[in-house]
Structure formats: structure tokens, C-alpha cells
1. Mind checking whether some residue in the stretch 93-111 is out of contact with any Asp or Glu (no Cβ under 6 Å at 6 or more places or on another chain), within 17 Å of Phe20 (Cα to Cα), surrounded by 11 or more Cβ atoms within 10 Å (Cβ to Cβ) and at pLDDT below 90?
2. Right, Phe53: out of contact with any Asp or Glu (no Cβ under 6 Å at 6 or more places or on another chain), surrounded by 12 or more Cβ atoms within 10 Å (Cβ to Cβ), touching a residue at least 12 places away in the same chain (Cβ under 8 Å) and aromatic (Phe, Trp, Tyr) or not?
3. What number of residues in the stretch 2-42 are closer than 29 Å to Gln105 by Cβ, in a helix (DSSP H, G or I) and either touching a His at 6+ places or on another chain (Cβ under 7 Å) or of a type in the set (Asp, Glu) (or both)?
4. Based on what the data block shows, is Gln129 assigned to a helix (DSSP H, G or I), surrounded by fewer than 16 Cβ atoms within 10 Å (Cβ to Cβ), touching a residue at least 12 places away in the same chain (Cβ under 8 Å) and out of contact with any His (no Cβ under 8 Å at 6 or more places or on another chain)?
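The values are calculated or read from the model by the stated rules, or taken from the named source; none is laboratory data. Everything numeric in this text was worked out from a predicted model, so none of it was measured. Here the Cβ positions follow ideal geometry from the backbone for every residue, glycine too, while neighbour counts run over all protein chains shown.
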Amino acid sequence: MGGTTLGRFPLEKSMHRTLFFATLILGCIVDLIVVFEHKAIVVFCLVALWVLFFGMLQTGWNIWITRVVPDEAESGGGALVAIIQLGIMTGPGAGGYFYDTFGGQVNYLLGSLVAVGAALTSMVAFRQQKWSSAVNK
């Protein structure tokens, strides 16, 4: 709840930057959890920060969908839910395989790489969106 409430302010200032940096920060937090895995209070604080930034992303994704496809926001929301469900479906299977093959820490590191990849993908998508909207005006 804190992320969705506090996320309003950076999202109002710059939605694209907020979504990019929040995703990047999530990846960094996961790496830090691996580094500080034996310090419970540090891991607790990192998980709290992770929840805060993830809440910000949930709000930002929905705002972004309504701005990108305002006439088809319901369909866009459905596509967003489908992508999230795909992640929920494939993540545990892949995570279980990597856990059995390489051990527990690799899942955190792969999760971090996925978050960084998502941040970079969003940066490219937002630049493409700005470019195409400027061309179509």
C-alpha cells in the first residue's frame, strides 16, 4: 500500500523514469539481499524497500496502459494481466530447475538480471513510444 500511495509523486513527475528506475532498483535490491543474506535486519529492510518499489510499479503499469491505449484500456489491462500470469507460470518452473541445478542463490541473481533486462526494455519502449508519437503528430 505504501508504494502505491507514495509512488504517486514520482509517477506524476515522470512516469517513464519512475518505471525505469523502480525496475532497476528492484534488480539491485535482489542483488543486495544475496550480499547481506546473513544479516536479518538488513534483509528485512531490503524486502520492505522491494515491496515499496513494486507497489509503485503496479500503479505505474496501469497508468501507462491507460495513456498508451486510452480507447482500449480494458484490453491493455487484460494483456498486462496475461503477461503477469505468464511470469507466474514460467517463473517457478524455471526457478525450480535452476535451484536444483545450481543452488538457491542463482535464483536471486537471475531475478536481478530479469529486472535489469525489463528496465532496459522499458527504456527502449518508452523512447520508441516518444519517437512514434512525435512522428505521428
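1. Within the stretch 93-111 (the criterion being out of contact with any Asp or Glu (no Cβ under 6 Å at 6 or more places or on another chain), within 17 Å of Phe20 (Cα to Cα), surrounded by 11 or more Cβ atoms within 10 Å (Cβ to Cβ) and at pLDDT below 90), the answer is yes, since at least one residue qualifies.
2. yes
3. Of the residues in the stretch 2-42, 1 are closer than 29 Å to Gln105 by Cβ, in a helix (DSSP H, G or I) and either touching a His at 6+ places or on another chain (Cβ under 7 Å) or of a type in the set (Asp, Glu) (or both).
4. Yes; evaluated as a whole, the condition is true for this residue.
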